[in-house]
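Enquirer: I'd like to ask some things about the structure below.
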Amino acid sequence: MGKLFVWDRFFENIPKILPYLSVTFSIVVYATLFGVLLGISIVLVQIKKIPVLVQIVKVYVSFMRGTPMLVQLMLVYYGIPALFDPVFGTNINREWGAVNFAYVTFILNQGAFLSAIFYSAITSISYGQTEAGLSVGLTEFQTFHRIVLPQMVKTAMPPFGSDLVGLFQNSSLVFLIGVTDIMGRAKTIGTATKHVLEAYVFIVLIYIIISLGVRLLFFRLNNKMSFGKEEMG
Amino acid sequence: MNFNLEHFKESLIYGLAYLPNTLSLVFVPLVIGLTFGTVIALVRVYKVPVIGWLMAVFVTVYQGIPIVVALMIYNLIFMLKFNDLAAFLHLKKSISDMNNIWVGIFALSMAAVCSISEAVRGALLSIDKGQNEAGYSVGLTTIQTIRRIIIPQMIPVAIPMLINNVVGLIKASSVVMAIGIVEIVAGATIPSSRTYSFFEGYVAAAVIYWGFTVVVESLAQRLKKYTGKFRRNLYD
Amino acid sequence: MIEVKNIKKNFGKHSVLKDVSVKVEDGQVVVILGPSGSGKTTLLRCINFLENADSGRLTIGNLEVDLKKSTKKEILNIRRRTAFVFQNYNLFANKTAIENVMEGLVTGRHVPKAQARERAEEALNWVGLSDKFNYYPAQLSGGQQQRVGIARAFVLDPEVILFDEPTSALDPELVGETLDIIKKVAEKGITMIVVTHEMSFAQDVADKVIFMDGGIVVEEGTPEVIFSNPKEERTKQFLSRIISLDPNYSI
C-alpha cells in the first residue's frame, strides 16, 4: 500500500489540476451573472405582485431552498432530456456537454437564493427614504437609483458574499454528473494513479484560499460602504 | 414528456424507507454540533487565550472546505487505515464489518460544529454587554452568568439561525451518497437502476426533502411564538 | 399663496379627511393643531403627494392641480416648489450631511455641483452644523439630524416648507434648539405649514392656527383668538388637556 501521503505526488498534481479551475470559475461566473438577473426578475414579480407569477415564484423559491443542490443537479441532468427530447425529438444527453447541465442548475439555484437576499434587502429599507427623496424633488427613478439602491446593495453585500462562498463549495458537486472541475480532476487522477489523497488535499487548499479571498473581499467592500455605522468585524 | 407515475411511486416508497438513515445523518451531527458549537462559540466570545484564537482559525478555515471533498477524504482515510487502527486497538473487526455511515456522520458533524458555532456566536454577540456586568454585579460567577443570564436570552435569537442550520444539514446529508451510503436520494433511485426512470427517482427524492424542510420550517415558526416572549418590548 | 380646496381622503372605510379647505398667504406661518388621528399629518402629506388624496384641488402660486388626477409631471412640479421636514428626519442614510442637503439641488433641480455645495454649506452653517458636513446620519444625534433635515428643505428655496411634527421624535432637551431653528426659518419670511404639539411655539411664531379634529377644520384664527378665546367646545377641551400636560406652557 505504501505511504498515504507523499509530497512528490502532491507537487506533481498541481499542474494537472490547476487548469480545471477554469471549469469551477465558469460555473460560478455563469451562476452569479444569470442568477443575479433571474433573482432581480423574481424580486420584481414579488414587489409588483404580478398575479399567478407570484404564486409560481413562491413555489419555485421554496423548492430551490428546500431541496439539496445534489438532487437539483440530478433533476436537471435527467429532467431536461426527459422533458424536451419527446417534444422536440432531440437527444440532449448526447448533444450537450455535461457542464451545460451544471450551468442550468446553478443558475436556477442562485436565482432563487439571490432573490431571497435581494428581497429582504429591499424591504429592509424604510419607505421614509423614498418619501424623503420624492419630497426634495427627485423622480421615482432618481430616488430608487440614488437613495434606495445604494443602501440595498450595502444590506445585500454580506449575505451575497456568504452565498458566493457557498456557490464555490457547491460547484464541487458537479463531478457527480461527470463534469471535470477541480474535484472531478482529482478523482480522475485517483483512478489513474491509485493515489488520490494528495490531489484532494491540494483542492482543499484551493477551496480554502478561494473562501478566505472572497470573505476578505466582501469584508473590505462592507467597510467601504459603512455609511458612518460602526460594524463588528 | 416522459413521466412514469408508477415508477415515481415506487421510488417514493424506497426513498421513504431510507428516511431513518437521513434522520440519523441529521440528528447525530445536530447534537454534536450543538454541544461543541456552543462551547466553541463561548470560548471565542469570552476570548479564552490561545484556544479562542485557535478555534477562530479552525472554524474560518474549515468552513472553506466543501463538505463533499471533506467526505471523500475522510472516507479514503477510513478505508485505508481502519484495519491498522483496529489492529492497534486489538479490535476483532475489519473494514468489511463496518458501516461507513459513521464516516458520513463524522463529516456532517464537523460541518455542523462549525456552522452552529457561528450561529451561536452571532446570538451571543447580540446580547448587550451590560447583561454580563449586571450578572457580576449581583455576585454571580462567569459560568453562572453565562448559564443563568446569557444563554436563556441567547436562545430565542439563535433559534432562527439554528433552524437554517438544520435545513442545511438535511440538504447536506444527501452528499453521503457519493461514498455509497444509502439515504433518501440513493434509496429513491434504487428502483431507477432497474427501470431506467432516474428522473422519476430524483423527483421522488426532491419531494421527500422538500416536505421534510417545509415541516421543519413550519415547526420553527411555531417554536418562535413560544420562546422569547420576554424579548418583546414596546418598541418592536 | 397656497390653497387646498375640498380635500378628501379615506383609508379603507376610515375617512381621514372630510372636505378640508385651507388657505395660506405668502410668508405666513400656519400651525395645525389637533389630537392624533385628526388628519393633520395626512393633510400635509397630501400636499406633497406622499399620499394620494381621493379628491380636491391644490394651488401653489400660479400652479393649480387636481389632487386626484394629476400627471407625474405635475406632481414633480409641485414637489419642486415644496419641501418637507419629516417627524423621524428621514435623512438619506447613504449620504453625508452635506450630500443630504445637496441632493435635491443637484439631482432634483440640476444646480451645478460647486454652486450647490456652496449653498449647502451656507445652509448647514446657518443651522449650526458647520463642523458636521461630512458626518453620516448614523453619526449624528437626533437633534442634529433634524437640523440637517431643516437645512435640506430650506436650501431648496421652496414656496412652502411643510413640517410634520418636527420635534416629536426628539429627546425633550433637544426640542428647544430645534424649535429655535424653525423660528429662524420663519423669520426669513418663508411660507410654512407646521403640524406640532408645541403650544408655546404656536403662540410665538404662528400667524394663523388651525385646529383640526375628526378629519375637519374645527376652528381657525390668530393664536390670540384660538388660545385665549376659542369658540368651539372641542377646541377648548383639547387646549385644556394639552395645557395641563405641558408644564412649559403658560398664557
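The values are calculated or read from the model by the stated rules, or taken from the named source; none is laboratory data. As the structure is a computational prediction, the values presented were derived from the model and not from experiment. Cβ: placed from backbone, ideal geometry, glycine included. Neighbour counts: every protein chain shown. Just so you know, the surface numbers come from the protein's heavy atoms only, side chains and all, with ligands and any DNA or RNA stripped out. Shrake-Rupley method; radii C 1.70, N 1.55, O 1.52, S 1.80 Å.
Yes/no matrix, rows are residues, columns are (1) without any contact (Cβ under 8 Å) to a residue 40 or more places away in the chain; (2) within 12 Å of chain A (Cβ to nearest Cβ); (3) open to solvent by less than 60 Å² (accessible area, probe 1.4 Å):
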| residue | (1), (2), (3) |
| --- | --- |
| C:96 | no, yes, yes |
| C:107 | yes, yes, yes |
| C:112 | yes, no, no |
| C:119 | yes, no, no |
| C:122 | yes, no, no |
| C:129 | yes, no, yes |
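Enquirer: Moving to a separate point now. So, in the stretch A:41-92, how many residues would count as being open to solvent by 60 Å² or more (accessible area, probe 1.4 Å) and touching an Asp or Glu at 6+ places or on another chain (Cβ under 8 Å)?
Expert: 1
Enquirer: Quickly run through the stretch B:20-54 and pick out the residues that are assigned to a helix (DSSP H, G or I), out of contact with any Gly (no Cβ under 6 Å at 6 or more places or on another chain), hydrophobic (A, V, I, L, M, F, W, C) and more than 19 Å from residue B:165 (Cα to Cα).
Expert: Step one: filter the stretch B:20-54 for residues assigned to a helix (DSSP H, G or I), giving B:20-45, B:51-54.
Those left that are additionally out of contact with any Gly (no Cβ under 6 Å at 6 or more places or on another chain): B:20-24, B:26-42, B:45, B:51-54.
After this cut, where a residue has to be hydrophobic (A, V, I, L, M, F, W, C) as well, the list is B:23, B:26-28, B:30-32, B:34, B:36, B:39-42, B:45, B:51, B:53-54.
The answer is B:45, B:51, B:53, B:54.
Enquirer: Give the residue that is modelled with the lowest pLDDT, with candidates limited to residues of the stretch A:194-233 that are part of a loop (DSSP other than H, G, I, E, B) and more than 14 Å from chain C (Cβ to nearest Cβ). Full working, then the answer.
Expert: Here is the first cut: in the stretch A:194-233, the ones part of a loop (DSSP other than H, G, I, E, B) are A:194-196, A:225-233.
Restricting the remaining residues to those that are more than 14 Å from chain C (Cβ to nearest Cβ) gives A:194-196, A:232-233.
Working: A:194: 84, A:195: 85, A:196: 89, A:232: 41, A:233: 36.
Applying the filter and picking the extreme gives A:233.
Residue-wise test of (1) within 14 Å of chain C (Cβ to nearest Cβ); (2) of a type in the set (A, V, I, L, M); (3) under 25 Å from residue B:178 (Cα atoms).
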{"site": "A:100", "(1), (2), (3)": "no, no, yes"}
{"site": "A:112", "(1), (2), (3)": "no, yes, no"}
{"site": "A:116", "(1), (2), (3)": "no, yes, no"}
{"site": "A:120", "(1), (2), (3)": "no, no, no"}
{"site": "A:125", "(1), (2), (3)": "yes, yes, no"}
{"site": "A:151", "(1), (2), (3)": "yes, no, no"}
{"site": "A:155", "(1), (2), (3)": "yes, no, no"}
{"site": "A:176", "(1), (2), (3)": "no, yes, yes"}
{"site": "A:184", "(1), (2), (3)": "no, no, yes"}
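Enquirer: Can you confirm whether residue A:38 is open to solvent by less than 80 Å² (accessible area, probe 1.4 Å), farther than 29 Å from residue A:199 by Cβ and free of Cβ contacts under 8 Å to residues at least 60 places away in the same chain?
Expert: no
Enquirer: Just one of (1) of a type outside the set (D, E, K, R); (2) open to solvent by less than 10 Å² (accessible area, probe 1.4 Å); (3) within 16 Å of residue B:105 (Cβ to Cβ); (4) facing chain A (nearest Cβ under 9 Å) trips up residue B:172, so point out which.
Expert: So the condition that residue B:172 fails would be (2).
Enquirer: For the stretch B:220-229, indicate whether the set of residues that are at pLDDT below 95, part of a helix (DSSP H, G or I) and under 17 Å from the mean Cα position of the chain (by Cα) is non-empty. Break it down into steps so the answer makes sense when it comes.
Expert: First, pick out the residues of the stretch B:220-229 that are at pLDDT below 95: B:220-229.
Checking the rest, the ones that are also part of a helix (DSSP H, G or I) come to B:220-226, B:229.
Narrowing the set further to residues that are under 17 Å from the mean Cα position of the chain (by Cα) leaves B:220.
Yes, the stretch B:220-229 contains a residue that is at pLDDT below 95, part of a helix (DSSP H, G or I) and under 17 Å from the mean Cα position of the chain (by Cα).
Enquirer: Same structure, new question: Within the stretch B:88-105, track down each residue that is of a type in the set (Phe, Trp, Tyr) and either surrounded by 19 or more Cβ atoms within 10 Å (Cβ to Cβ) or on the phi > 0 side of the Ramachandran plot (or both).
Expert: Narrowing the stretch B:88-105 to residues of a type in the set (Phe, Trp, Tyr): B:88, B:102.
If the condition is that a residue be of a type in the set (Phe, Trp, Tyr) and either surrounded by 19 or more Cβ atoms within 10 Å (Cβ to Cβ) or on the phi > 0 side of the Ramachandran plot (or both), then no residue fits.
Enquirer: Only one of these conditions is not met by residue A:146: (1) more than 14 Å from chain C (Cβ to nearest Cβ); (2) open to solvent by 40 Å² or more (accessible area, probe 1.4 Å). Which number is it?
Expert: Checking residue A:146 against (1) more than 14 Å from chain C (Cβ to nearest Cβ); (2) open to solvent by 40 Å² or more (accessible area, probe 1.4 Å), the one that fails is (1).
Enquirer: Within the stretch A:111-120, identify whether any single residue is open to solvent by less than 40 Å² (accessible area, probe 1.4 Å), farther than 16 Å from residue A:167 by Cα and touching a residue at least 12 places away in the same chain (Cβ under 8 Å), and answer yes or no.
Expert: Our first condition is that a residue be open to solvent by less than 40 Å² (accessible area, probe 1.4 Å); within the stretch A:111-120, this holds for A:111-112, A:114-118.
Now restrict to residues that are farther than 16 Å from residue A:167 by Cα: A:118.
This time we only want the ones that are touching a residue at least 12 places away in the same chain (Cβ under 8 Å), so: A:118.
For the stretch A:111-120, residues open to solvent by less than 40 Å² (accessible area, probe 1.4 Å), farther than 16 Å from residue A:167 by Cα and touching a residue at least 12 places away in the same chain (Cβ under 8 Å): present.
Enquirer: On to the next question. Would you please name the residue that is farthest from the chain's Cα centre (by Cα), looking only at residues in the stretch B:52-87 that are more than 24 Å from residue A:172 (Cβ to Cβ) and open to solvent by 50 Å² or more (accessible area, probe 1.4 Å)? Steps first, please.
Expert: Within the stretch B:52-87, the subset more than 24 Å from residue A:172 (Cβ to Cβ) is B:52-56, B:82-87.
Checking the rest, the ones that are also open to solvent by 50 Å² or more (accessible area, probe 1.4 Å) come to B:53-55, B:83-85, B:87.
Values: B:53: 23, B:54: 22, B:55: 18, B:83: 28, B:84: 30, B:85: 27, B:87: 32 Å.
If we take residues in the stretch B:52-87 being more than 24 Å from residue A:172 (Cβ to Cβ) and open to solvent by 50 Å² or more (accessible area, probe 1.4 Å), then B:87 is farthest from the chain's Cα centre (by Cα).
Enquirer: Looking at this structure, is residue B:60 without any contact (Cβ under 8 Å) to a residue 24 or more places away in the chain, hydroxyl-bearing (Ser, Thr, Tyr) and under 26 Å from residue A:203 (Cβ atoms)?
Expert: Working: without any contact (Cβ under 8 Å) to a residue 24 or more places away in the chain: yes; hydroxyl-bearing (Ser, Thr, Tyr): yes; under 26 Å from residue A:203 (Cβ atoms): yes.
So residue B:60 fits the description; yes.
Enquirer: For the stretch C:77-91, how many residues meet the condition of being over 19 Å from residue C:178 (Cα atoms) and open to solvent by less than 10 Å² (accessible area, probe 1.4 Å)? Show your work before the answer.
Expert: Applying the first criterion (over 19 Å from residue C:178 (Cα atoms)) to the stretch C:77-91 yields C:77-82.
Imposing the further condition that a residue be open to solvent by less than 10 Å² (accessible area, probe 1.4 Å) reduces the set to C:78, C:82.
Number satisfying all stated conditions: 2.
Enquirer: Report the residue count in the stretch C:120-142 for those that are closer than 17 Å to residue C:90 by Cα and either touching a Cys at 6+ places or on another chain (Cβ under 7 Å) or hydroxyl-bearing (Ser, Thr, Tyr) (or both).
Expert: Residues that pass the stated criteria total 3.
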